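Trainee: Take a look at this one; I'll ask things after.
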Amino acid sequence: MMLSHICSVFLSFLAVGCTNLIPPEDAWIKREDDKIIIGCYTSRQTWQLRCHDGRWTGVVSNCSQGVTWHVYLSLY
């Protein structure tokens, strides 16, 4: 007697973490795990953002004009 085994495998993927950011004008970005450091090419000004629940949180300023903007990004 021959027994036949049927096995089905279902895979599901869920993206975890925060997406990569595009740096503001005249700035650079360095990512380290759940932290991003953003800095200006023309000064020593830097800012740090943290990934929390799929969102980058923190305050970033514009290197060329000194305008401050808040970052709240989500994968949702």
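The values are calculated or read from the model by the stated rules, or taken from the named source; none is laboratory data. Keep in mind that this is a model prediction, so the values were computed, not measured. Here the Cβ positions follow ideal geometry from the backbone for every residue, glycine too, while neighbour counts run over all protein chains shown.
Trainee: Looking only at segment 27-60, count every residue that is part of a loop (DSSP other than H, G, I, E, B) and in contact with a Phe, Trp or Tyr (Cβ under 8 Å, 6 or more places away or on another chain) and tell me the total.
Mentor: Residues in segment 27-60 being part of a loop (DSSP other than H, G, I, E, B) and in contact with a Phe, Trp or Tyr (Cβ under 8 Å, 6 or more places away or on another chain): 3 in total.
Trainee: Here is a further query. Return yes when residue 42 is surrounded by 14 or more Cβ atoms within 10 Å (Cβ to Cβ), β-branched (Val, Ile, Thr) and modelled with pLDDT under 95 and no when it is not.
Mentor: It is false that residue 42 is surrounded by 14 or more Cβ atoms within 10 Å (Cβ to Cβ), β-branched (Val, Ile, Thr) and modelled with pLDDT under 95.
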